[in-house]
Amino acid sequence: MSHLVTLIPGDGIGPEVSSAARRAVDATGVKIEWEISELNADLIFKTGESLPQSVVDSLERTRVGLKGPVTTPIGGGFSSVNVALRKKLDLYANVRPVHSLPGVATRFQDLKIDMVIFRENTEDLYSGLEHEVVKDVVTALKVITRTASIRIAEYAFQFAASTGRKKVTAIHKANIMKLSDGLFLRCCREVAARFPAIQYNELIVDNAAMQLVVRPETFDVLLLPNLYGDIVSDLAAGLVGGLGIVPGANMGDYHAVFEAVHGSAPDIAGKGLANPTAMMMSAALMLIHLKEHAAAARLQAAIERVYAENKHVTGDVGGKASTSQFTEAVIAAMA
Ligand code: NAI
């Protein structure tokens, strides 16, 4: 049986890493009918449509997407199309597994880091509700709801229970944002009470940042509102070797869109330098979602073998290989 999947190349390094991921998925032998859907900064500037309907229509049809990064202008211009897509399809759980890869030199070489980040994906300061009250005074609305907080907490605990994970850490700033983060925390506690076999603890976000650097191996499942989840994801990526190797999944009840944690990396775009590992591992998560477990395991094992051999890895992780040389090596390792 073939699967219908929307492939969104994105922009910046997106087309390079998504085409690498597509080649790697095709090499697993799983039959995928790719529906290519363009979503990039140029298109948005040209059409003025911040989330082109064609992308939404394609994902409504396929229900599964593999997405490259899309640039968002900084300090002006159009709003983030990535945030818009997550809200439009109600992709409420952003799941990001962060683990050490063999052979990747990091500052934490001797530690086994293996954590999964659950970031609420639809609200918080990403509501986009900013107002200029008077000239030079701006407010931004942080929206936290019980519905969204409960469902991300349930998603994280159910994941922990079904995968044998031992501990969930809720991360917050409820000492200062007593109402908003306070509500998030109350929801986490309520869900935690239903999972007595899983250890539950809480950390204030600034302390969590420090603990993650000092004792990263003690973290298991992390549960965070949107903004802290975004920041902590990049911090966690730094622990295991950088943004080039951390995958992600945006999960809703009806749709799933798989994408790397990293952005469009304009500094290296078009140069053949981008590391496609994060996109390939996002594609492996997609294969699991499509119930192609053997293919997902084969792809993941091939990536790990290429890292263990350490001959064909890209510059960001200390190697000299180009995007396509790494891709060829992964495909060869699967053969
Ligand atoms: P970024 O993740 O694009 O880059 C940060 C640093 O990591 C850069 O030095 C880059 O070269 C490096 N890097 C990232 N991915 C890499 C890879 N696969 N291989 C090797 N090196 C890699 O973050 P930045 O610079 O903050 O954002 C650039 C643009 O991307 C912005 O417009 C931002 O809004 C957008 N963005 C889009 C996301 C998405 O589409 N989901 C997520 C994050 C950012």
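For this structure, a couple of remarks:
- Extension gain for Ala105 to Gln211 (0.36 nm times residue separation, less C-alpha to C-alpha distance): 36.1 nm.
- Among the chymotrypsin sites (Phe, Trp or Tyr not before Pro) in the range 147-254, those located in a DSSP loop and surrounded by at most 11 other Cβ atoms within 10 Å of their own Cβ are Tyr254.
- Projecting the Cα positions of Met177, Asn82, Val134 onto the charge dipole of the chain (unit charges on Cβ atoms of Lys, Arg, Asp and Glu, taken about the Cα centre) puts Met177 furthest along the positive direction.
- Residue with peak Gaussian network fluctuation, the chain [Cα springs, cutoff 10 Å], from Gly14, Gly272, Gly77: Gly77
- Calculated FRET efficiency, Arg189 to Asp234, Cβ-Cβ distance, R0 = 25 Å: about 0.40 to the nearest 0.05.
- If R0 equals 45 Å, the separation of the Cβ atoms of Asp267 and Glu60 corresponds to a calculated FRET efficiency of about 0.85.
- Legend: Rg and Dmax of the range 155-227, from Cα coordinates, 12.1, 34 Å.
- Stretching the chain fully between Leu227 and Ala140 yields a gain of 30.0 nm (0.36 nm per residue, less the alpha carbon separation).
- Probing with 1.4 Å while keeping every protein chain in the model, the per residue accessible area of the chain equals 44 Å².
- The chain - mean residue ellipticity at 222 nm from DSSP helices (-39,500 (n - 2.57) per run, n ≥ 4, rounded to 500): -13000 deg cm²/dmol
- For the chain, the percent of C-alpha pairs falling in each 20 Å distance bin, counted from 0 to the bin holding the largest distance, reads 31, 60, 9, 0.
- Label-point gap, in nm, between Ala294 and Glu130 - each point 7 angstrom along Cα→Cβ: 5.1
- Rounded percent of accessible protein surface that carbon and sulfur make up, the range 106-240, 1.4 Å probe: 58
- FRET efficiency for Ile36 and Ser162, using Cβ-Cβ distance with R0 set to 41 Å, rounded to 0.05: 0.75
- Computed from point charges on the beta carbon alone (+1 for Lys and Arg, -1 for Asp and Glu), the dipole magnitude for the chain about its Cα centre is near 760 Debye.
- For the range 1-53, alpha-carbon Rg over 2.2 N^0.38 Å: 1.31
- By the Cα gyration tensor, the range 106-240 has an equivalent ellipsoid whose semi-axes, rounded to whole angstrom, run 27, 19, 12 from largest to smallest.
The values are calculated or read from the model by the stated rules, or taken from the named source; none is laboratory data. These figures come from a predicted structure and were not determined experimentally. FYI the Cβ positions are ideal-geometry reconstructions off the backbone, even for glycines, and counts take in every protein chain you see. Heavy atoms of the whole protein, side chains included, go into the accessibility calculation; ligands, DNA and RNA do not. Shrake-Rupley method; radii C 1.70, N 1.55, O 1.52, S 1.80 Å.
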